[in-house]
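Read the figures in this text as sums done on the coordinates, not as results from a lab. Keep in mind the model is a prediction, meaning the values are calculated, not measured. Backbone-built Cβ (ideal geometry, glycine too); neighbour counts: all protein chains shown.
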Amino acid sequence: MKIALVSPYDITYPGGVVSHISNLGRELEERGHSVKVLAPVANAKSLGIDNLIAVGRPVPVPSNGSIARISLSLWRERTVKSVLREEAFDIVHLHEPLAPVLPLTVLHHSEAPNIGTFHSFSEHPYKYTLSHRFLHGLDDKLDSRIAVSTPAMRYVSRFFPGDYKIIPNGLDVDFYSQDVPPFDAFCDGKLNILFVGRLEKRKGLRYLLEAFSRLKWDYPFLRLIVVGRGNPGKECYQIMAERNLQDVVFVGGVSEEHKRRYFRTAHIFCAPSLGKESFGIVLGEAMASGKPIVASDIEGYASVMTSGREGFLVPPKDEKALAEALERLILDPGLRAEMGESGRITVQRYRWDKVAALVEAVYREAAVGETVSVP
């Protein structure tokens, strides 16, 4: 089949949806399909992506506690119509299909079977509160609807009810489970707690710093490694200064190769997010790396891991509970190993070959109008 994967976000900027689209496209091509990615791009010349069709330039827009880099140009309608006509796709797969402006424009003009994958989740459904009245009818053009998790399905179906299939995000399990070398600079006998994520308030780094400060006095051999783009912010700097926190290392944004080496370097992985997570790919990366997890007990994370099995889930914004869960793992190397092994087993369900097979079955069902079994 000839498949269009449509992204609302700048394909050059790292993020969960962009990563999902790139990996799904690669897996579908390996399964014999022809894939084109339609996406806004900041600098198409610097990409070198053979299957990319650049449509529009992105602008940063605040969204769900983060920054979404989307195209807001309404002048791209002619380009979209031309692309759809010339490419004659068998399947158009739109990610966040009701997001402005590119997915909505493609959905409006597409005459192929349209598949929509919904990635977003928030405890507060403001995203569709105002827009759903204008989008009703357009969502009927979706022949099949996918949500990456049960929380994501509940979130979107409040305003756009329908039949949703739950197909999780995929993960390159083999990439993260490979026995790569840790970073020598951090192999000095200290116990490394790892944080990975953009340095945004919703990722909850300040609560991890507060928990770390509770533990550091009793366990001076601890170190916190923070991996991710952005500025920690005033609150984080204030906590570190007031409590004279030592052994907190900010390494900034890193490549995927270096990220997996940081997972290999870590003894414990911590994800103290406050909410607005539909899934939790980073938890899967930690599990594939064989690391025990301490994470916030939010819907997106609870759909990926089970507290007491791959790690511990604790109430968000509760530094005391966060510190207590970390302390249990600090004191018990056997428990760390046991939970790490449980994670390696759990994460197998998110392998890209399994996820792509489920998505491919949805394509065939939409194309031929009948249910197709998944191997």
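Using a simple spin-label model with pseudo-atoms 7 Å out from Cα toward Cβ, Asp184 and Arg154 lie 5.0 nm apart. Relative to the longest principal axis of the Cα atoms of the chain, helix 16-30 runs at roughly 60 degrees.
Exposure proxy for Ile225, Ile268, Ile166: other Cβ atoms within 10 Å of each Cβ, ordered fewest to most, give Ile166, Ile225, Ile268.
Beta bridges from DSSP with both residues in the chain: antiparallel share about 10 percent, rounded to the nearest 5. Compared with the dominant principal axis of the Cα atoms in the chain, helix 77-87 is inclined by about 80°. Taking amide H positions as modeled 1.01 Å from N, with prolines and chain starts lacking one, the residues under 5 Å from Lys276 and 5 or more places away or on another chain are Glu123.
Helix 333-346 axis versus longest C-alpha principal axis of the chain: approximately 10°, rounded to the nearest ten. The helix-based estimate of mean residue ellipticity at 222 nm for the chain, built from -39,500 (n - 2.57) per DSSP H run of four or more residues and divided by its residue count, is -11000 deg cm²/dmol to the nearest 500. Distances between placed amide hydrogens fall under 5 Å for Lys165 paired with Arg145, Ile146, Ala147, all partners being 5 or more residues away or on another chain. Over all Cα atoms in segment 212-292, the spread is summed up by Rg and Dmax: 13.7, 36 Å. Only lysines eight or more places from Lys36 in sequence, or on another chain, were considered; those with a Cα closer than 24 Å are Lys2, Lys45, Lys81, Lys141, Lys165, Lys354.
In order along segment 140-149, the phi-based Karplus estimate (6.51 cos²θ - 1.76 cosθ + 1.60, θ = phi - 60°) of 3J(HN,Hα) comes to 5, 6, 7, 7, 9, 10, 10, 10, 7, 6 Hz; Gly and Pro are listed as x. Here the extension length gained between Lys2 and Lys201 equals 67.6 nm, from 0.36 nm per residue of separation less the Cα-Cα distance. Ordered from longest to shortest, the equivalent ellipsoid semi-axes for the chain are 38, 21, 19 Å, each the square root of 5 times a Cα gyration tensor eigenvalue.
Shown for Phe269, Phe159: other C-beta atoms within 10 Å of each C-beta, ranked fewest to most, produce the order Phe159, Phe269.
In terms of other Cβ atoms within 10 Å, Ser34, Ser255, Ser273, Ser278 run from fewest to most in the order Ser255, Ser34, Ser273, Ser278.
Once you reduce segment 201-217 and segment 246-272 to the center of their Cα atoms, the two points are 15 Å from each other. A simple spin-label model places the labels of Val254 and Arg85 5.0 nm from each other, with each point 7 Å out along Cα-to-Cβ.
For segment 173-349, the normalised intensity computed at q = 0.20 Å⁻¹ comes to -1.53 (log10 of I(q)/I(0), Debye sum over alpha carbons, equal scatterers, no solvent).
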